Amino acid sequence: MGKKESGQLFKSDLHSYQKIRLTFTILFGILVASLISSSCANRGVVTGGDKDTIPPEFVSSIPYNQSLNYKGTEIVLTFNERVQATQLKRKFLITPFTDTPYKLKINKNVVQLTFDESFSDSTTYTLNFADAITDVTENNPAQKVSIAFSTWHIIDSLTIFGKIFDLMTNQPVDAAAVSVYQANDTLDIFSGKPYYFAFTDEQGQFSIQNMKGGYYRIYAFKDENSNYLNESASEAHGFIPDTLLIEDISDSLRIGLILQDVQELKFVNTRSNGNHFDVRYNKYIESYTVQTMDTLINPFLSILSEDQQSIRFYNKTFNTEDSIGYFINVSDSIGNNQLDTVYIKFTDREIKKEEFNVFISPGTRSKINEEVYVKINFNKPVLSLNKDSIWAEYDTLRSVRIDSISQSEWNWNRSSFQMTVQLEKNYLRDTLEKYKTIQDSLNLLNPIDTASVDSLEITEPPKKINPDQVSLVFGKGAFISIENDSSKSVRHDYTFRDPEKFGIISGQIEIDSIHFIVQLINDKYEIIREIANQKNYLFDFVPAGKYNIRVLVDTNNNGVWSYGNIMEGIKPEEVYFHPTFIELRENWEINEINLTIDRL
């Protein structure tokens, strides 16, 4: 019986187990079906929880930081999570500079660099990975990943640091390359890769660590094409003019950058095309002079091209038989001169003439004073001027020929004409006041009799006019070019300045130099006004806005501010700024904007 009961119990348990298994299978099937149904019904992106904002943590390296006597060719970095390095080629920096190729391998959380050659003996290397290594989920960059190691028994520990700024704006320069060369090295930023280098941050600051003591030359520039070489025509640069002895922690270095094409000035070619003869150079020409070999022959009129790299001569004698020898002396912005002998000969080929253009400053609708300086530039030399075709016009009431109220002069090659015009600011206002007085005295409701106002040069009652407006009119044919083009009719309307709509900025410059330029610049760093060699300066009729005072020191006393010449080790002349911009409002006077140059 006992056995029988035991068998019954077994059968009962088996039956229960089968029922439980069947029930579990059914429930599991329902759950799976439910999940599948839910997945089909909702195809939105599964977010996976909160966004990962934690950067990878740098755990260890081979060699470890500050290692000595490292002879390997591999650099291994380990992080606390899976990483990637898509920006490594662009952002990885190693100093001293090496162009030894390396292979990159990433295995989960390990980054391995294998160099084709061993590192140099007796050298301390610093490897800076910037933000090139990121996690694989959200591209969070690992922070401060940098190691230093030495291939001998000493770690070099000297550091230089400083700030790179734009010389003409005083603003920090982000991502500027700071290049350091050993003093006895024949390379520089134009010819070879640096020994040490770094890039500035958003504040223009940089530091180079683990340097070996010695003498160095230091440069900085905007490396726009990332080739570690300065292309001076398009990349601003600066430098420390003397070799720097690094033997201790140095003071902060400041280097101002300025765009300056320092390539050698060279003659390129000549081109004869009908009545034009062009002489071309490889870079911007600041100025030039011409002289015929036969001093009894007057030189042809000439002008600089729009890009200022060519000189164009014009044939006004229409002689195409003879060639005439010329001495042409050109200068660039850094004072390089090039003297060339050129034989000019024109052809009888018919060519289409370039349109004759006239550029007048100040532009129309400008606000002016009673005495206004007008400058007119041309794209061709001007053969003749018809002064009776230029006049000042006070509405319709009065016109005055310009030659009776101006002083004028041409530049040497007749490509620019300047005149100082004295206008009558109150003419229209006084005329309207006199007309009103006569109207009131005669108590006339109808137009007044012309005989009553003959002395006012008015033949009919004035219309509604702006009493502060005046126009300069340049009639058709006011200027005739070397190619007999007539200038088009041009009218520039001006408004006299109302002092209450403007402000005044004044102050003092404390400076030892007697030659300097004080500039008023706006918040776009454009020059609004400038004066030379005045320690007590004043700028009046300044529109409301934000301004600063910039002082250019003419150290060599030659009358102009110099860009210097990096090729000759001559730094730009000094530039100083008032520490803050000045907010000027209408009818305000801001005085005591003083600058003590020595303290700046």
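The values are calculated or read from the model by the stated rules, or taken from the named source; none is laboratory data. Note that the coordinates shown come from a computational prediction; the quantities given were computed from them, not determined experimentally. Glycine gets a Cβ as well: all are built from the backbone with ideal geometry, and neighbour counts include every protein chain shown.
Checking every residue in the range 391-398 against the condition of being within 39 Å of the chain's Cα centre (by Cα), assigned to a loop (DSSP other than H, G, I, E, B) and not small (Gly, Ala, Ser) gives zero matches. Of the candidates 51, 103, the single residue that is within 50 Å of the chain's Cα centre (by Cα), modelled with pLDDT of 95 or more and outside any helix (DSSP H, G or I) is 103.
The single condition among (1) modelled with pLDDT under 95; (2) surrounded by 15 or more Cβ atoms within 10 Å (Cβ to Cβ) that residue 168 does not meet is (1). In the range 488-497, the condition of being closer than 30 Å to residue 318 by Cα, in a loop (DSSP other than H, G, I, E, B) and either outside the structural domain of residue 379 (by TED's automatic domain parsing) or out of contact with any His (no Cβ under 8 Å at 6 or more places or on another chain) (or both) is met by at least one residue. Taking the stated definitions as given, is residue 569 outside the structural domain of residue 187 (by TED's automatic domain parsing), surrounded by 16 or more Cβ atoms within 10 Å (Cβ to Cβ), at pLDDT below 95 and within 30 Å of residue 190 (Cβ to Cβ)? Against the criterion (outside the structural domain of residue 187 (by TED's automatic domain parsing), surrounded by 16 or more Cβ atoms within 10 Å (Cβ to Cβ), at pLDDT below 95 and within 30 Å of residue 190 (Cβ to Cβ)), residue 569 does not qualify.
Hey, residue 333 hits all of (1) within 30 Å of residue 565 (Cα to Cα); (2) of a type outside the set (Val, Ile, Thr); (3) free of Cβ contacts under 8 Å to residues at least 24 places away in the same chain but one; which does it fall short on? The single condition residue 333 does not satisfy is (3).
Residues in the range 185-204 that are farther than 16 Å from residue 94 by Cβ, over 18 Å from the mean Cα position of the chain (by Cα) and buried (at least 16 other Cβ atoms within 10 Å of the Cβ): 188, 189, 190.
If the condition is being among the hydrophobic types (A, V, I, L, M, F, W, C) and crowded, with 19+ Cβ neighbours inside 10 Å, then the range 398-426 contributes 402, 417, 419, 421, 423.
Among the numbered conditions (1) part of a loop (DSSP other than H, G, I, E, B); (2) modelled with pLDDT of 95 or more; (3) among the hydrophobic types (A, V, I, L, M, F, W, C), the only one that residue 551 does not meet is (1). Annotation note: Cβ proximity below 6 Å between a residue of the range 422-446 that is assigned to a helix (DSSP H, G or I) and a residue that is modelled with pLDDT of 85 or more and surrounded by fewer than 13 Cβ atoms within 10 Å (Cβ to Cβ) (sequence gap 6+ or interchain) occurs for no pair. All conditions but one from (1) surrounded by 12 or more Cβ atoms within 10 Å (Cβ to Cβ); (2) among the polar types (S, T, N, Q); (3) without any contact (Cβ under 8 Å) to a residue 60 or more places away in the chain; (4) not assigned by TED's automatic domain parsing to the domain that holds residue 212 apply to residue 230; the one that does not is (4).
Determine which member of the set 367, 345 is surrounded by 14 or more Cβ atoms within 10 Å (Cβ to Cβ) and touching a Lys or Arg at 6+ places or on another chain (Cβ under 6 Å). Show your work before the answer.
Numbers: 345 fails: touching a Lys or Arg at 6+ places or on another chain (Cβ under 6 Å).
That would be 367, the only listed residue that is surrounded by 14 or more Cβ atoms within 10 Å (Cβ to Cβ) and touching a Lys or Arg at 6+ places or on another chain (Cβ under 6 Å).
Just to be sure, is residue 127 part of a strand (DSSP E or B), of a type in the set (A, V, I, L, M, F, W, C) and either surrounded by fewer than 20 Cβ atoms within 10 Å (Cβ to Cβ) or touching a helix residue (DSSP H, G or I) at 6+ places or on another chain (Cβ under 7 Å) (or both)? Judged against the criteria, residue 127 is a match. For first residues located in the range 455-475 and assigned to a loop (DSSP other than H, G, I, E, B), partners that are aromatic (Phe, Trp, Tyr) and at pLDDT 55 or above and lie 6+ apart or on another chain with Cβ distances below 8 Å form the pairs 458/435; 461/435; 462/435; 468/496; 475/391. Residue 189 fulfils the conditions (1) more than 30 Å from residue 54 (Cβ to Cβ); (2) modelled with pLDDT of 95 or more; (3) in a strand (DSSP E or B) except for a single criterion, (3). Here residue 175 clears all of (1) more than 40 Å from the chain's Cα centre (by Cα); (2) in a loop (DSSP other than H, G, I, E, B) except the condition numbered (1). Here residue 305 passes the criteria (1) polar (S, T, N, Q); (2) farther than 19 Å from residue 383 by Cα; (3) within 32 Å of the chain's Cα centre (by Cα) except the one numbered (2). Do the conditions hold for residue 500, that is, is it among the acidic types (Asp, Glu), exposed (fewer than 13 other Cβ atoms within 10 Å of the Cβ), closer than 30 Å to residue 188 by Cα and modelled with pLDDT under 95? Here the answer is no, as residue 500 does not meet what is asked. For residue 324, the test of being within 27 Å of the chain's Cα centre (by Cα), outside the structural domain of residue 481 (by TED's automatic domain parsing), more than 29 Å from residue 471 (Cα to Cα) and at pLDDT below 95 is failed. The single condition from (1) assigned to a loop (DSSP other than H, G, I, E, B); (2) within 32 Å of the chain's Cα centre (by Cα) that residue 312 fails is (1).
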